[in-house]
Amino acid sequence: MTNSRNRTLILFALMGLLLLLEGTVHWQVHPLNADASGYTILSGSWNVVLEIVLMCLLSAIMALGVNLQWGYAGLFSTGIVGFVALGGLAGVLVSLPPVTAVWNAAGVGRLVVALLTGLGVVGLAVFAYGHLKGRARTWGVTAILVGGFFLYRAIFDPAVAYIEANDPAAAGNIGGLGLPALVAWPAGALMAAAAAWAIGKTALGLRSDYLAIATLGIGEIIVAVMKNEDWLDRGVKNATQIPRPWPVPTEVSLQESQRFLDFCANWGLNPVTASTIAVQLLYALLFTAVLLLILWACELALNSPWGRMMRAIRDNETASGAMGKDVTKRHLQVFILGAAICGLAGAMLVTRDGQLVPSSYTPLRFTFTIWLMVIVGGSGNNWGSVLGAFLIWYLWNKVFDWGSAAMWSATQYMDPASGLKSALTGSAEQMRTIVMGVILLVVLRFAPKGLLPEK
Amino acid sequence: MDFLNALVALLNFVVIPATAYGAQLALGALAATLVYGVLRFSNFALGDTMAFGAAVVILFTWWFQSMGISFGPLPTAILALPFGIAAMSAVALLTDRTVYRYYRRVKAKPVIVVIASMGVMFIMAGITRMIIGVQEIQFADGQKFLIDPTWFRTETGLNEGLALRMTQAITVVTAGLVVWALFWFLNRTRTGKSMRAYSDNEDLALLSGINPERVVAITWIIASGLAVIAGTLYGLDKSYKAFNYFALLLPIFAAAVVGGLGNPLGAIAGGFLIAYSEIGLTYAWKKVASYILPESLMPDGLMQLLSTEYKFSVSFAILIIVLLFKPTGIFKGKAV
């Protein structure tokens with residue numbers, strides 16, 4: 001017990017040291033025949049550190065969600081990117097002001113009718129499936145679904161055309177509810193949970209490989225919808241100007257506030273730099289508070305009878321089933337909880353970025369990296385997931401810089417015009433992918449329990 | 001005449017592309033299903049295996065072209081295929097030695113091996129993009145059309161010109177040959193039979209003196225060959241882009257699962273089923289309909305059921321329906 005606690009403390013302290021170095025030491029290399037500004041090894045900038053830490057905190061929240069699914073319950077889902085993206089969508093739909101020009105019967109009204117019709121068709125199909133038998137069931141359900149699809153499109157398409165025709169350069173979408181950004185956070189969790197319920201109802205209970213393939217598809221589809229449905233979130237035109245959560249002010253308003261200027265003058269700070277850092281710090285505090293809350297709840301759950309039951313199910317489904325535990329139901333429950341946490345983090349992410357960029361939701365970035373964090377940190381250990389998130393996100397950032405520096409240094413005596421040189425020096429992005437893959441394989445092979453093993 | 005025009009349009013925009021795409025998916029699904037049958041895990045690195053193999057083929061193609069070697073009317077890439085397959089097989093065997101063999105030894109749970117294959121996927125994707133870049137590459141050379149649309153129009157006097165591109169014809173012919181060779185190998189040779197035996201019942205196969213490591217090695221070589229051929233044909237047909245191959249993972253797995261994982265015949269049927277549904281549902285039918293339907297019945301829209309961006313949701317929907325109602329696939333596959 002004390003041993004593992006010491007290990008946790010030491011590893012977190014080391015992680016802190018890495019970030020401290022990043023903030024205090026400025027180290028650049030200047031290879032021959034390269035950019036005069038040099039290549040950064042350590043930035044020595046607190047702004048960079050805060051930037052990294054903010055994403056570490058959000059990644060840690062996502063990792064806690066994945067740890068619930070994988071570490072507690074052994075569910076292998078590859079659709080995390082979908083839940084994170086749904087959380088982001090909630091940021092748009094809840095906190096952007098409504099586009100009032102289309103909130104009328106021809107626009108949003110018709111849209112709501114269309115969506116309700118769609119739901120009704122699915123409900124009717126499910127009902128028919130339950131109440132018909134044999135051939136009648138097959139044909140009945142098919143007829144309902146096919147007919148319902150055309151009915152839905154007939155109502156839906158004109159509404160979408162109407163909404164997207166409204167000022168496509170600036171709007172073309174329905175906007176949101178205009179509620180505070182903090183409301184978007186739980187809304188993101190709820191949307192992800194609702195999607196997870198629908199997915200879990202169909203895909204859970206399949207064998208592990210199938211669940212992985214099915215959730216991979218779900219993730220792709222959710223992101224595809226967000227990229228292509230302009231009426232929903234402006235698609236690839238990106239929804240911008242998502243408001244910040246209370247109590248984070250804008251940099252400009254800080255620079256205009258007399259109290260802040262006095263404070264800067266007292267401490268001899270540059271108001272522009274100080275305002276950026278103050279905003280980042282406020283975000284960091286807010287995110288840390290949420291992370292600690294979730295961490296506390298996860299720890300509580302893990303050490304409760306519920307947590308023991310989950311682990312029992314994970315370790316032996318048959319035996320737990322025989323003891324009267326409803327395996328499928330518990331899986332569904334934990335799947336929804338994990339997805340909700342990822343959705344929450346997704347909503348927090350867009351309220352920080354101030355925009356929703358659907359094309360930024362790639363499986364590499366939001367599914368596999370989060371997995372890596374959980375596995376490296378230690379599956380089943382919440383502190384491990386947090387540590388893994390910090391370490392992997394730090395590396396994700398730094399490997400890019402280090403890769404550039406290494407490649408420029410390695411090729412400094414090569415002919416500047418050679419194709420090989422430009423291929424090598426241009427491959428920093430690829431280095432990142434390769435390093436992440438190597439870390440995953442090495443940890444999985446030599447330390448499958450991760451940095452902080454489950455107790 | 002209108003009926004003939006409609007038929008040609010249908011062939012042009014649905015049947016021919018779907019057949020070529022289906023053949024590519026079928027080859028990929030065969031690779032997935034073989035690895036699943038023998039090694040018992042879903043190989044997430046398959047998409048990037050295809051990308052990597054095709055990248056090697058492209059490098060050899062460029063080299064051949066620079067030396068002035070060509071394959072007449074056929075693309076030079078066909079000549080480069082064996083080199084790509086050899087390179088990919090070596091990489092696959094190396095990967096098996098360094099990564100997968102350990103998990104076989106400790107009898108790890110399949111899901112752990114799937115996660116390991118994700119690591120392999122990362123590395124392979126990175127290396128592929130490093131050596132060939134992320135840009136779009138056209139590497140089809142030789143004759144462009146087997147049936148030229150303008151020639152067809154003047155010969156037949158129809159409005160629609162039937163176009164059969166060389167790459168499409170090659171895709172179907174190559175896929176046919178490969179599948180024939182694979183089935184001959186699996187059903188007629190001793191090694192092929194030992195592979196099927198190992199896939200059906202591992203313990204019994206071991207008792208009969210089948211060397212598992214040899215079976216595994218041969219499986220990797222065949223799967224690599226299939227993946228490289230599928231990847232190259234896809235690249236020839238649609239142009240090569242390293243990022244696109246990851247997205248092929250879903251339709252390929254869907255094809256393999258729909259046909260019944262571990263069942264080669266099912267993988268082929270699954271590939272064509274997915275391809276035809278995908279293209280049938282995302283094709284704008286207006287053109288075909290304009291020839292058959294009378295003016296008064298023509299609808300206003302494009303008659304497109306789903307926009308092309310959602311083509312992956314088709315394979316997904318088929319996958320889910322099959323898994324829910326017939327979990328072992330249309331042809332009987334391995335256990336659920």
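Pull up the cross-link candidates among the aspartates and glutamates for residue B:107, meaning alpha carbon to alpha carbon under 17 Å and not fewer than 8 places away within one chain. Filter leaves A:209, A:315, B:96, B:202, B:203, B:213.
For residue A:227, what is the net charge nearby, where nearby means another residue's Cβ is under 11 Å from its Cβ and Lys, Arg count +1, Asp, Glu -1? For residues surrounding residue A:227, the net value is -3. As I understand it, the dipole of chain A uses +1 on the Cβ of Lys and Arg and -1 on the Cβ of Asp and Glu, about the Cα centre. Which of A:64, A:418, A:245 lies farthest toward its positive end? Toward the positive end, the furthest listed residue is A:64. Tilt of helix A:181-203 relative to the longest C-alpha principal axis of chain A, in degrees (0 to 90, nearest 10)? It is inclined by approximately 60 degrees. Peptide A:430-442 is shielded by partner chain Cβ atoms: per residue, an average of 6 of them sit within 10 Å of its Cβ. Karplus-derived 3J(HN,Hα) values for region A:393-406, using 6.51 cos²θ - 1.76 cosθ + 1.60 with θ = phi - 60°, are 5, 4, 5, 3, 6, 6, 4, 4, 5, 4, x, 4, 4, 5 Hz; glycine and proline are entered as x. Straight-line cross-link partners of residue A:201 among the lysines, defined as a Cα under 18 Å from its Cα and at least 8 positions apart when in the same chain: A:325, A:329, B:326. Proximity of backbone amide H atoms, modeled 1.01 Å from N, is registered between residue A:355 and A:242 at under 5 Å, excluding neighbours fewer than 5 places apart on the same chain. Spatially, region A:1-73 and region A:386-432 are offset by 17 Å when compared through their Cα centroids. The angle between the Cα long axis of helix A:134-165 and the main principal axis of chain A comes to about 50°, on a 0 to 90 degree scale. Using a cut-off of 26 Å between Cα atoms, the listed pairs B:241/B:311; B:238/B:311; B:144/B:287; A:449/B:241; A:421/B:144 include A:449/B:241; A:421/B:144 as exceeding that distance. Basic side chains Lys and Arg get +1 at the Cβ, acidic Asp and Glu get -1 at the Cβ, and with that the dipole of the protein assembly as shown about its Cα centre reaches some 2660 debye.
Scalar couplings 3J(HN,Hα) for region A:283-288, obtained by applying the Karplus form with A = 6.51, B = -1.76, C = 1.60 to θ = phi - 60°, are 4, 4, 4, 4, 5, 4 Hz; x denotes Gly and Pro.
Put simply, the amide H of residue A:175, placed in the peptide plane, has neighbours under 5 Å in A:99, leaving out anything fewer than 5 places away on its chain.
What does the charge count around residue A:447 come to, taking other residues whose C-beta lies under 15 Å from its C-beta (Lys +1, Arg +1, Asp -1, Glu -1)? Local net charge: +2. Counting only whole DSSP H helices of chain B, the ones at least 18 Å long by C-alpha along their axis and with mean Kyte-Doolittle hydropathy no lower than 0.5 are B:16-39, B:46-66, B:77-95, B:110-132, B:166-188, B:212-238, B:244-259, B:264-282, B:311-325. Annotation: amide H of residue A:28 within the under-5 Å range of A:41, sequence separation 5 or more or interchain, hydrogens built in the peptide plane.
Partner aspartates and glutamates whose Cα lies under 20 Å from the Cα of residue A:227, excluding those fewer than 8 positions away in the same chain, are identified as A:157, A:164, A:167, A:353, B:278, B:309. Of B:128, B:191, B:49, the residue with the greatest mean-square motion in the GNM of chain B, using alpha carbon springs below 10 Å, is B:191. How tilted is helix A:80-95 with respect to the longest principal axis of chain A? Cα atoms for both, answer in degrees (0 to 90, nearest 10). Helix A:80-95 and the main axis of chain A meet at about 80 degrees.
So if I take the centroid of the Cα atoms in region B:45-85 and the same for region B:96-151, what is the distance between those two points in Å? Rounded to whole Å, the Cα centres lie 14 Å apart. In loop segments of region B:180-249 as defined by DSSP, there are no trypsin sites (Lys or Arg not before Pro) with at most 13 further C-beta atoms inside 10 Å of their C-beta.
When you restrict to C-alpha pairs under 8 Å that are six or more residues apart and normalise by the size of region A:96-239, the relative contact order lands at 29 percent. Within the shell defined by Cβ-Cβ distances under 14 Å, the residues around residue A:101 carry a net charge of -2, with Lys and Arg each +1 and Asp and Glu each -1.
Among B:28, B:209, B:119, the residue with the largest mean-square fluctuation in a Gaussian network model of chain B, with springs joining Cα atoms closer than 10 Å, is B:209. Rounded to 0.05, the FRET efficiency of the residue B:153 and residue B:71 pair, given R0 = 25 Å and the Cβ-Cβ distance, is 0.30. For residue A:10 and residue A:423, the difference between the fully extended length at 0.36 nm per residue and the C-alpha to C-alpha distance is 144.7 nm. Candidates A:143, A:190, A:91 compared by Cα position along the dipole of region A:80-233: farthest toward the positive end lies A:143, with charges placed on Cβ. Placing +1 on the Cβ of every Lys and Arg and -1 on the Cβ of every Asp and Glu, with no other charges, gives region B:2-240 a dipole of roughly 980 debye about its Cα centre.
Values quoted throughout were computed directly from the atomic coordinates according to the rules given, and no laboratory measurement underlies them. On a predicted model such as this, the values are computed, not experimentally measured, just so you know. Because the Cβ atoms are built from the backbone with ideal geometry, glycine has one as well, and the counts that use them run over all protein chains shown.
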